[in-house]
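I have placed the structure first, in the form of structure tokens, so that the comments after it can refer back to it.
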Amino acid sequence: MVHREYRKLDQTRVPLLEGLLRYRTEGIVPFHTPGHKQGRVLDQGLRDALGEKPFFLDISDEIFDQAKNHDSAAVIKEAEALAADAFGAKQSFFLHNGTTAGIQAMLLACAFQSNTGKAKPFTEKPAEIILPRSVHRSVFSGLMLAGLMPRFVKETWDTKWGIALPPTPKAWQDAADDSCNPVGIFDTYPNYYGIGGDLKQTASIAHGMDRPLIVDEAHGAHFPFHPKFPPSALSLGAAAAAQSAHKTLGVLTQASLLHTMDEGLTKVMPMILDLLQSTSPSFLLYASLDAGRRQMVLEGRDIWDNILKLGVETRKRINDIPGLVCLGDEVLDKPGAAVWDPTKLLIRVDELGLTGAEAELILRQYGIQVELAGFNHILVLLAVGDGPQEVKSLVNALRMLAASAKAKPQTPPAFPSVPAGGVMSMAPREALLAARRQVTFEQAEGEIAADIVTPYPPGIPLFVPGEKITGIGLGYLESYLRQGIEVRGWADLNRKTIWVVDDY
Ligand SMILES: Cc1ncc(COP(=O)(O)O)c(C=O)c1O
């Protein structure tokens, strides 16, 4: 895959960071927001914690030089053009509400585009988006905003690892064949565990339907910067992709990127992002995106070389600890899995008689915090900030975990497979806006869900708004609650009732 070669612009530039620093050195007296006026008046505790520098650079949009008419828009445009050049996009947009905003924007753009010309106009059938069920909850909020109906693609459930696998090409094709009035295809690539499906094939299904493939690439912002990573979604034919740069790169939390390749989506995106995001973006976040991009282009290859080597060594050392299993290349033999990101260390702890949540708590006592605890596993992320010292601490803590668990082994409770969802009886948006009432589990069978109900782990929604609640789904939920697993989406603080649509 092409990495450095396609870059045409001067990637040593960081126009946003340069603009912020220039404003400071010019000594301008700021009679504008934000009110702290470059940190002049601050709580002492905050000043002690952060120092003054972040406040020097936390300026609103009157920051740039006369040549640009004091206008931040021109500088943002320049920085976004550099990002597009670096990530291989036609157009990139900086996001200050994370990939959540990018996902919502892509879904709205698909619905909008379908409604206004290029694609087929709406028919009497509700507009659909084809997608797997195990998606981030922001996707459901996007469906509600866009008024889209989900057409779920069948996923395979890996009971050994307790995770959903990417849908197979056949499952995508089947869903596409069944779909009525689709406005696009949505995929998560890679998933939280770094596993991705055959996105090129999914793109070709979308192209065959003359619809865009839009991708949640929250966990793949680093892909363009090392040939050992999977190809980026854009390089495989995605029309748009949103990336949480803050998850894996040297970028501040909430700073994400939305990239587009498709002309129609690009055209409507500024309008849609204006609908979704604050009018006061943090220029600190944006400057970090600008600098994180430069760092990746100039140093990414070397940085990721080191992290990848660390990953190989660490995986081996973890697999040498009796009772622990760390997923490796064999993941590619699983159905639906076509690519894999080795910076994700997915570690099964069930042979120690532990659940993921128990292992997480014990590791915390040893000074380690993992990214995620699943039913029988924990997930450790290696990213730009990691080095040999950090992974040494991780491996030591895992050794102590294994030793202490072996001393009093227990059998973890059985893990039921997530059941298939119920029939979608109305669009998520209709269910969200309809009159609603609270019901207990005993009363819920046959009702239509009005909120997302999700057990964590595995984080796959059990009921989504608009879906008929099944007895099997309720049984699954009850067995989860019995095992003390957290469920989100309650209608009351006592966690006894859920929201359903009233009187449909
Ligand atoms: C798969 C996936 N998609 C989207 C998101 C949302 O990203 P952000 O936190 O940048 O809004 C997350 C966040 O955890 C995620 O894991």
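The values are calculated or read from the model by the stated rules, or taken from the named source; none is laboratory data. Since this is a predicted model, take the numbers as computed values, not measurements. Neighbour counts are summed over all protein chains in view; Cβ atoms, including those assigned to glycine, are modelled from backbone coordinates with ideal geometry.
Annotations
- Enumeration of residues in region 250-279 that are within 16 Å of the ligand (Cβ to nearest atom) and either surrounded by fewer than 22 Cβ atoms within 10 Å (Cβ to Cβ) or in a strand (DSSP E or B) (or both): Gly250, Leu252, Thr253, Gln254, Ser256, Leu257, Leu258, His259, Leu273, Leu276, Gln277, Ser278
- Taking residues in region 229-248 that are over 12 Å from Asp187 (Cβ atoms) and free of Cβ contacts under 8 Å to residues at least 60 places away in the same chain, and partners anywhere that are assigned to a loop (DSSP other than H, G, I, E, B) and among the hydrophobic types (A, V, I, L, M, F, W, C), the pairs with Cβ atoms closer than 7 Å and at least 6 places apart or on different chains are Ala245/Ala221; Ala245/Val251; Ala245/Ala255.
- For region 22-48, the set of residues classified as closer than 23 Å to Val75 by Cα, in a helix (DSSP H, G or I) and either of a type in the set (Val, Ile, Thr) or at pLDDT 90 or above (or both) consists of Thr25 only.
- Test: Arg317 is crowded, with 21+ Cβ neighbours inside 10 Å, touching a residue at least 12 places away in the same chain (Cβ under 8 Å) and charged (D, E, K, R): no
- Cβ-Cβ under 7 Å pairs, at least 6 apart or on other chains, region 93-105 side under 18 Å from Ile129 (Cα atoms), far side assigned to a helix (DSSP H, G or I) and near the ligand (Cβ under 10 Å from one of its atoms): Thr100/Ser138; Ile103/Ser138; Ile103/Val139; Gln104/Ser138
- Residue match in region 165-178 (condition: of a type outside the set (Ser, Thr, Tyr), in a strand (DSSP E or B) and within 16 Å of the ligand (Cβ to nearest atom)): yes
- All of (1) more than 29 Å from the chain's Cα centre (by Cα); (2) at pLDDT 95 or above; (3) in a helix (DSSP H, G or I) hold for Val391 with one exception: (1).
- Residue check, Ile195 within 14 Å of the ligand (Cβ to nearest atom) and crowded, with 21+ Cβ neighbours inside 10 Å: yes
- Just so you know, in region 198-210 the residues that are in a helix (DSSP H, G or I) and in contact with a Gly (Cβ under 9 Å, 6 or more places away or on another chain) include one that is surrounded by the fewest Cβ atoms within 10 Å (Cβ to Cβ), and it is His207.
- Odd one out for Ile185 among (1) part of a strand (DSSP E or B); (2) within 13 Å of the ligand (Cβ to nearest atom): (2)
- The one condition from (1) within 16 Å of the ligand (Cβ to nearest atom); (2) closer than 30 Å to Leu324 by Cβ; (3) over 16 Å from the mean Cα position of the chain (by Cα) that Glu217 does not meet is (3).
- So Thr266, is it hydroxyl-bearing (Ser, Thr, Tyr), in contact with a strand residue (DSSP E or B) (Cβ under 9 Å, 6 or more places away or on another chain), over 20 Å from Gly387 (Cβ atoms) and in contact (Cβ under 8 Å) with a residue 24 or more places away in the chain: yes
- Condition met for Thr156 (away from the ligand (no atom under 12 Å from the Cβ), under 21 Å from the mean Cα position of the chain (by Cα) and in contact (Cβ under 8 Å) with a residue 40 or more places away in the chain): yes
- So Lys247, is it away from the ligand (no atom under 16 Å from the Cβ) and surrounded by fewer than 23 Cβ atoms within 10 Å (Cβ to Cβ): no
- Some residue of region 448-458 being assigned to a loop (DSSP other than H, G, I, E, B) and either closer than 23 Å to Thr355 by Cβ or modelled with pLDDT under 80 (or both): yes
- Scanning region 77-92 for residues that are touching a residue at least 12 places away in the same chain (Cβ under 8 Å), more than 16 Å from the ligand (Cβ to nearest atom) and outside any strand (DSSP E or B) turns up Glu78, Ala79, Glu80, Ala81, Leu82, Ala84, Asp85, Ala86, Gly88, Ala89, Lys90.
- Screening Arg399 on (1) modelled with pLDDT of 95 or more; (2) surrounded by 20 or more Cβ atoms within 10 Å (Cβ to Cβ); (3) not in a loop (DSSP other than H, G, I, E, B) shows it passes everything except condition (2).
- Selection count, region 220-244, where residues are in a loop (DSSP other than H, G, I, E, B) and more than 16 Å from the ligand (Cβ to nearest atom): 7
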